[in-house]
Amino acid sequence: MSLAVAFSALFLLFFPSPAAAQSPKPTNFSAFSISQSPWRPSQNLVLLSPNSLFAAGFRPLPNNSNLFIFSVWYFNISTDNVVWSANRLHPVNGSAALVITATGQLRLNDGSGRNLWPFNNVTANSNSTQLILRDDGDLIYGTWESFQFPTNTILPNQTFNGTTIISNNGKYSFVNSVNLTFGTERYWWTDNPFKNFENTGQINRDNQNPIYPTDFNSTRLRKLVVDDDGNLKILSFDPNSPRWDMVWQAHVELCQIFHTCGPNSICMSSGSYNSTYCVCAPGFSPDPRGGARQGCNRKLNVSNKLKFLQLDFVNFRGGANQIFIQTPNISVCQANCLKNSSCVGYTFSFEGNDQCVLQLDMLSNGLWSPGMKTAAFVKVDNSETDQSNFTGMKYKLQTTCPVHISIRPPPDNKDKTTRNIWIIVSIFIAELISGAVFFCAFLKRFIKYRDMARTLGLESLPAGGPKRFSYEELKIATNDFSNPVGKGGFGEVFKGELPDKRVIAVKCLKNVSGGDGDFWAEVTIIARMHHLNLLRLWGFCAEKGQRMLVYEYIPNGSLDKFLFVKSSSSDSIEIDGENPLLDWGIRYRIAIGVARAIAYLHEECLEWVLHRDIKPENILLDNDFCPKLSDFGLSKLKENDGTAVSISRIRGTPGYVAPELVKLGSNSMTTKADVYSFGMVLLEIISGTRNFDTKEGSTVESAFWYFPSWAFEKAFVEEKIEEVLDSRIRNQYDSGAHFAIINRMVQTAMWCLQSQPEMRPSMGKVVKMLEGKLEIPNPEKPSIYFLSEGQEGPKHPIAMVVDSVDSMDSDFPPAEYSSTSQSFG
């Protein structure tokens, strides 16, 4: 049977027709032994795993019921369900049989008696050994396992051991659990081999961070495959669709995969997810058999008179016929190509490494990318009329204005000093007058356009800033601001929808200080902060006396709704239905995400920012419970009036304010204040309790209740850490599965809540502590009692907060907490 017929049969196996789905219901059994041998396709038998998740047997080809492939597949999934095949390139007819011989050998005999079973000498005790299918999809006979001979798929709990898997079309391979290759050409690799694939979707590697899918820790069915497009993917089955969702892939830019397009063509991104198209290089036309994706042919043969067409941001990679040379400049590179009759073009790197690559015989693996610092030069005949469409911005406009000047011969009489002085003075005066006239005209036009800019609110609009919306656009998008979803210290928030169907949250700012320049500068800084765990600012509005910020809408709302029992408040908007309890895995992910966002604000972004009000109401959760930190970078936007704060006054929410800011005489704020607030939020995530609420069974009076001290006593003195945990999911606490992450969370919170700022770690170290990359020593007991100057005794922090309430933002009362669908305040 030819290779083309084999691949055709394999394609139909993985994409069955409706007619094949209507075959008679098979007979199920749990083991295949010598007493049942031979097993023929006509018997319509299916070997089931004990959990009925996997099945094995002969599967007929959809277009030919007389040809079969012995496979293992997900039993109750109807689409793309095959995970292993014994004879995927050699379908057998109805006369074939799976047999156990008298000597105990397992054979898949085709019609001619040839053994197609992988690893021919599969033997065991003929009387006691059975062919069985385990719950994890591993087909076992004696010491032989299908996991040792994978096809294009790796299943959860299957170890790699340097395994090689090959795509169904036979073009691409994941070799030795390290390299993705097309033939012998490598186009993706990992520094350390893959070790094992877990049920959570995590892939572990030797001495390197694991790989996590986007739906990490969910309960979906999964598989790791080398797809026919050459990409290595983790697929997760969505039973509601039903379909396989791609949750991780090795190459995000698909054009990086070799031979996505044929010879002499260039791979382009179509702008949509996982989609590419191919175009021919200038001077070439598409192959009539399959277009540019199949390859391109030269239009005109190259004669002695030739030229090079420049293709900016294009590179040709891979292929055996390439010569790498170091040249001092691009002219030497071109000269080397002209000397070689096999050279069809060359590429030159503009990264300063002077690398020149000659392309021989054909242009292989063409790729266009706007971030490419390489240009390609294609050799074509001088009569070729094609022009390059791949042009960059490195060309300079050259304008010339030829002026023909004739100089008169000098006069005979050279004594004209007085006349020359008058000429020079006249020219100088004429220049002064002309300059004054032009300056007056310029000033008049400048004043005209300045007034127009002030009228339209465009005077201080920065270049490259966020999108500017008009007031009417936002009024239409929010249905005349009729759907409020939150209210906070900076103003009210309304839900809306843009014409492109994006759902937005519009914050109407109140008491905004400064002029347009200050406002644009602050908004531009916020918009340039890009992080997975920061709320994204899409735009703004500054019109008709309004100042508005347009954010992405987060439907799940703020973290406090999921941690604490709802309390009635006149300012809160109740949400119908009950919120689910967050399990320990999700709480751990939320804690790490918020810590990474604060570390980004403190240490990584171009404009370092203090948040100054970290609390559960300012942590939003998206559909996947990925945390989004909000209300960062807004400290300069509030007026210094009755509801305002200045840089020397306290801002924040009682219970989350660092003790050094509450202490009398303290007017400085550092990043360690945000570390303290995060520690209090982390302790609330663990306990599911407000830090103001006295825990059940505590003997401390509520007036002297300090949550961190109580948690320290329970966790590190009494060693009853389970009493610190949220009582609603305490029964889910498994000392084996959750002890490590909960212990790290509690220890990290204690270090963040130290009374002295210099004892608290930076947020960068907090992230490493939560991730388990730093060994955490035992913390000291958090204490927040101070002896103020001129006072007769120690003063409790809650009392100090009450005394300082006049210097705090009045939008954050100590006893009231908003529980809205989206918190921005």
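The values are calculated or read from the model by the stated rules, or taken from the named source; none is laboratory data. The structure displayed is predicted, hence computed values, not measured ones. So basically every Cβ, Gly included, is an ideal-geometry build from the backbone, and we count neighbours across all protein chains shown.
Descriptive notes on the structure:
- Selected residue (criterion: farthest from Pro370 (Cα to Cα)) from residues of segment 238-248 that are in contact (Cβ under 8 Å) with a residue 40 or more places away in the chain and within 20 Å of the chain's Cα centre (by Cα): Trp244
- Within segment 249-267, if we keep just the residues that are assigned to a strand (DSSP E or B) and buried (at least 20 other Cβ atoms within 10 Å of the Cβ), the residue that is nearest to the chain's Cα centre (by Cα) turns out to be Cys267.
- Residue count for segment 519-546, restricted to those that are without any contact (Cβ under 8 Å) to a residue 12 or more places away in the chain and farther than 19 Å from Glu607 by Cβ: 1.
- Residue within segment 211-220 that is farther than 25 Å from Lys773 by Cα and either of a type in the set (Val, Ile, Thr) or at pLDDT 90 or above (or both) present: yes
- In this entry, Gly201 passes the filter for residues that are touching a residue at least 40 places away in the same chain (Cβ under 8 Å) and either in a loop (DSSP other than H, G, I, E, B) or closer than 30 Å to Ser30 by Cα (or both).
- From the options Lys339, Lys305, residue that is over 27 Å from Cys278 (Cα atoms), touching an Asp or Glu at 6+ places or on another chain (Cβ under 8 Å) and of a type in the set (D, E, K, R): Lys305
- Selection status of Ser128, free of Cβ contacts under 8 Å to residues at least 24 places away in the same chain and crowded, with 20+ Cβ neighbours inside 10 Å: no
- Looking across Lys781, Lys773, Lys765, one residue alone is among the basic types (Lys, Arg), modelled with pLDDT of 95 or more and farther than 30 Å from Val506 by Cα. It is Lys765.
- Selection within segment 269-307 - assigned to a loop (DSSP other than H, G, I, E, B), under 15 Å from Cys255 (Cβ atoms) and at pLDDT below 90: Ser270, Gly271, Ser272, Tyr273, Asn274, Ser275
- Just so you know, in segment 593-646 the residues that are among the basic types (Lys, Arg) and at pLDDT 90 or above include one that is farthest from Leu534 (Cα to Cα), and it is Lys615.
- For Ile741: the one exception among (1) farther than 23 Å from Tyr706 by Cβ; (2) not in a helix (DSSP H, G or I): (2)
- Where Ser275 falls short, out of the listed (1) surrounded by fewer than 19 Cβ atoms within 10 Å (Cβ to Cβ); (2) in contact with a Ser or Thr (Cβ under 7 Å, 6 or more places away or on another chain): (2)
- For Gln310, the stated conditions hold: it is more than 20 Å from Phe258 (Cα to Cα) and touching a strand residue (DSSP E or B) at 6+ places or on another chain (Cβ under 6 Å).
- Enumeration of residues in segment 580-607 that are touching a helix residue (DSSP H, G or I) at 6+ places or on another chain (Cβ under 6 Å) and either of a type in the set (Phe, Trp, Tyr) or without any contact (Cβ under 8 Å) to a residue 12 or more places away in the chain (or both): Trp584, Tyr588
- Filtered residues of segment 127-150 (kept if of a type outside the set (Phe, Trp, Tyr), farther than 17 Å from Ile234 by Cβ and assigned to a loop (DSSP other than H, G, I, E, B)): Asn127, Ser128, Thr129, Gln130, Arg134, Asp135, Asp138, Gly142, Thr143
- Taken together, the residues in segment 321-338 that are in a strand (DSSP E or B) and surrounded by fewer than 16 Cβ atoms within 10 Å (Cβ to Cβ) amount to 4.
- Top-ranked residue of segment 161-171 - restricted to ones that are without any contact (Cβ under 8 Å) to a residue 60 or more places away in the chain and among the hydroxyl-bearing types (Ser, Thr, Tyr), ranked as nearest to Gln148 (Cα to Cα): Thr163
- Considering residues of segment 287-323 that are under 23 Å from Arg186 (Cβ atoms) and of a type in the set (S, T, N, Q) only, the residue nearest to the chain's Cα centre (by Cα): Asn315
- Some residue of segment 741-754 being at pLDDT below 95, of a type in the set (Gly, Ala, Ser), crowded, with 19+ Cβ neighbours inside 10 Å and in the same structural domain as Pro708 (by TED's automatic domain parsing): no
- The condition (being of a type in the set (Gly, Ala, Ser) and surrounded by fewer than 16 Cβ atoms within 10 Å (Cβ to Cβ)) is satisfied by just one residue among Gly183, Gly201: Gly183.
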